[in-house]
1. Where does the chain land at 222 nm, in deg cm²/dmol rounded to the nearest 500, when only DSSP H runs of n ≥ 4 count, each adding -39500 (n - 2.57), divided by all residues?
2. In percent, how large is the relative contact order of the chain, given Cα pairs closer than 8 Å and 6 or more residues apart?
3. I'd like the FRET efficiency for residue 207 and residue 185, computed as 1/(1 + (r/R0)^6) with the beta carbon distance as r and R0 of 41 Å, rounded to 0.05.
4. Determine, for 139, 47, the number of other Cβ atoms within 10 Å of each Cβ, and report the residues in order from fewest to most.
5. HN-Hα J couplings of the stretch 35-42 from phi, Karplus 6.51/-1.76/1.60, θ = phi - 60°, integer Hz, Gly and Pro as x?
6. With a point put 7 Å past each Cα toward its Cβ, work out how far residue 20 is from residue 99 in nm, to one decimal.
7. Would you mind estimating how fast the chain diffuses translationally, via Stokes-Einstein at 20 °C and 1.002 mPa s with the Kirkwood radius over Cα pairs, in µm²/s?
8. So the label point goes 7 Å from the Cα of residue 32 along Cα→C-beta, right? Which residues of the stretch 140-184 then have their backbone N under 20 Å from it?
Amino acid sequence: MLVQLTENVLRVLNLPIVSILFLLVVVWIAGELSKRIGLPPVLGELVAGLIIGPPILNMVTYTEGLDILAKLGMFFLMFYAGLETDPKKLFKVSRSAIFIGILGTVVPFALGMVVVIGLGGTFLQGLFIGAAISGTSMVTKSRILYDLKILKKRIGYTIMGSAMVDNMLSFIILSVAIKSVIIGEFTLFEGIITLAETSVFFLVSIFIGYKLYPRITKYMRQTTRGFTFAIIVGLFFAFFAEIMRIHFVIGAYLAGLMVSEEIA
C-alpha cells in the first residue's frame with residue numbers, strides 16, 4: 001500500500017501541471033515580497049524565474065507547455081496594455097516617443113559596435129552584437145508601468161510609444177545583421193525588405209482599425225459575443241505580425257488599441 005502510494009505521488013510530481021503550479025506559486029510569492037519592499041512585483045518575478053529556472057537551479061525545465069503559457073501571458077498582457085491605452089493620447093506624444101525610440105536604439109547599437117570593434121572584433125561581429133543589445137522589451141515595460149500605476153499617464157504613453165519604435169528599428173537592424181553574417185558581407189537588402197514588411201503591417205493595421213473594425217463592431221454590439229470577438233481580433237493581429245516578421249506582442253498591443261477605441 002505504501003509502495004503504491006509512493007509510486008503514485010512520484011508519478012503525479014512528474015506531471016507538467018505540477019511544474020506549472022510550483023512555478024506560479026514561487027513567482028507569486030516573489031512578486032509579493034518585491035512589492036512589500038517597494039519594488040515592482042515584476043522584478044521579483046523575474047529574479048525568481050531566473051533562480052528556479054535553467055540558468056541557476058534548473059528546478060523547472062523548459063517544456064512546450066510552459067512556452068505556450070508564457071506566450072499566452074505575453075499576448076494577454078500586451079492586449080490588456082492596448083486596452084488601457086488611449087490612442088488619441090498616444091498620438092499626442094508621438095513626436096517625443098519617436099525621438100526617444102530612435103535614440104534608445106541608435107545609442108546602444110553604436111556603443112555595442114564600437115566596443116566590439118575596439119576589442120578586436122570584426123565589423124560584422126560588431127554589427128551583430130550592436131543589433132542584439134539595441135532592442136527593448138515592450139512586455140516588461142508595460143507590466144512595470146502597470147504596477148507603478150503610470151500606464152495611463154503621459155510618461156507611460158511616451159515609454160510605450162518609444163518602446164514600439166525601438167522594437168521596429170531593432171527588428172530592422174537585427175535582420176540586416178543576421179543576413180550580413182550569413183552571407184559574410186554587409187548588406188542592406190534585408191533591412192529594406194523588413195522595412196517594407198513593417199510598413200505594410202502598420203498600413204494594413206490602420207486600415208482595418210479605422211475602416212473595417214468599426215463596421216464589424218456595429219453588428220457585434222447586437223450580440224453577446226463581443227469579448228470572444230475581441231480576443232479573435234487580438235490573435236489575428238498577433239498572427240499577422242508574425243507573418244510580417246514582427247513580434248506578435250506588437251500585433252496584440254495594436255489590437256488592444258483598436259478595441260479600446262471602440263469601447264470608448
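1. Theoretical 222 nm ellipticity from helices: -26000 deg cm²/dmol.
2. Relative contact order here is 21 percent.
3. 0.65
4. Details: 139 21, 47 16.
So the residues, fewest neighbours to most, are 47, 139.
5. Once rounded to whole Hz, the list reads 5, 5, 9, x, 10, x, x, 4.
6. About 4.7 nm, to one decimal.
7. So the translational diffusion coefficient is about 103 µm²/s.
8. Only 147-148 fall inside the zone, counting backbone N under 20 Å.
Values in this text are rule-based calculations from the coordinates and carry no lab data. The shown structure was predicted, so the numbers you read here are calculated from the model rather than taken from an experiment. Don't worry about glycine lacking a Cβ; one is built from the backbone with ideal geometry, like all the others, and counts go over all protein chains shown.
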